[in-house]
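The values are calculated or read from the model by the stated rules, or taken from the named source; none is laboratory data. All values derive from a computational prediction rather than experimental measurement. In this analysis, Cβ positions are derived from the backbone assuming ideal geometry, glycine residues included, and neighbour counts consider all displayed protein chains. Just so you know, the surface numbers come from the protein's heavy atoms only, side chains and all, with ligands and any DNA or RNA stripped out. Shrake-Rupley method; radii C 1.70, N 1.55, O 1.52, S 1.80 Å.
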Amino acid sequence: KGNGSVSAFAIDAQTGKLTLINRHSSGGGEPCHLAVDAKGKCVLAANYGSGSVAVLPIHADGSLGAPATTIQHTGSSVNPQRQAGPHAHFICPAPDNRFALACDLGLDRVIAYQLDLKLPTLTPAQPEFATVAPGAGPRHLTFSPDGKFVYVINEMISSIVVFRYDA
């Protein structure tokens, strides 16, 4: 549950060689998923071990800034072995790039955030979350091509839930 990190690399187009640009805290422990917004302005990070999400700015040279926002999830769900606390497993921007959705396996929730690319920041959206079945453990999600539906895969009960999405 210590500090994880996110690294930025330059890619040599001729050889494919990676060169480290810089590294910053992921805003929590055991980061397990990253996503870049559609405009390339920020990286969203999900920290499984600490149950937090963060947003880091991407600078013009490709380097990362320190987390501009870190949000610690709180709570638990029905499985005491796997859900005694939050476990943010996934985060991604919505197709409109104005919101982000995070799957928290430990809370049985898909949490919605407003995404402001100017700072960048995450703030709770309204409504703040959608729930899945107790003990389901949401792991990842994807949007339908038209952006009207969200498909959530639940790790712990091997199921898929479909939500209507209204941007």
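General observations
- Subset of segment 46-57 [more than 18 Å from ALA8 (Cβ to Cβ) and in a strand (DSSP E or B)]: SER52, VAL53
- Taking residues in segment 139-152 that are open to solvent by 60 Å² or more (accessible area, probe 1.4 Å), and partners anywhere that are polar (S, T, N, Q), the pairs with Cβ atoms closer than 9 Å and at least 6 places apart or on different chains are ARG139/ASN154; TYR151/THR142; TYR151/SER144.
- Candidate set: segment 120-138, residues that are assigned to a loop (DSSP other than H, G, I, E, B) and not small (Gly, Ala, Ser); chosen: the one most open to solvent (accessible area, probe 1.4 Å): PRO134
- All conditions in (1) closer than 20 Å to GLU30 by Cα; (2) open to solvent by 30 Å² or more (accessible area, probe 1.4 Å); (3) without any contact (Cβ under 8 Å) to a residue 40 or more places away in the chain hold for SER52, with the sole exception of (2).
- Count - residues of segment 1-28 that are closer than 16 Å to ALA102 by Cβ and assigned to a loop (DSSP other than H, G, I, E, B): 4
- Selection count, segment 8-24, where residues are closer than 17 Å to ALA66 by Cβ and open to solvent by 40 Å² or more (accessible area, probe 1.4 Å): 4
- From the list LEU34, LEU18, the lone residue that is without any contact (Cβ under 8 Å) to a residue 60 or more places away in the chain and touching a Phe, Trp or Tyr at 6+ places or on another chain (Cβ under 9 Å) is LEU18.
- With respect to (1) open to solvent by 20 Å² or more (accessible area, probe 1.4 Å); (2) under 13 Å from GLY28 (Cα atoms), the lone exception for ALA88 is condition (1).
- For segment 94-119, the set of residues classified as surrounded by fewer than 22 Cβ atoms within 10 Å (Cβ to Cβ) and either among the acidic types (Asp, Glu) or touching a residue at least 40 places away in the same chain (Cβ under 8 Å) (or both) consists of ALA94, PRO95, ASP96, ASN97, ARG98, PHE99, VAL110, ASP116, LEU117, LEU119, listed by residue number.
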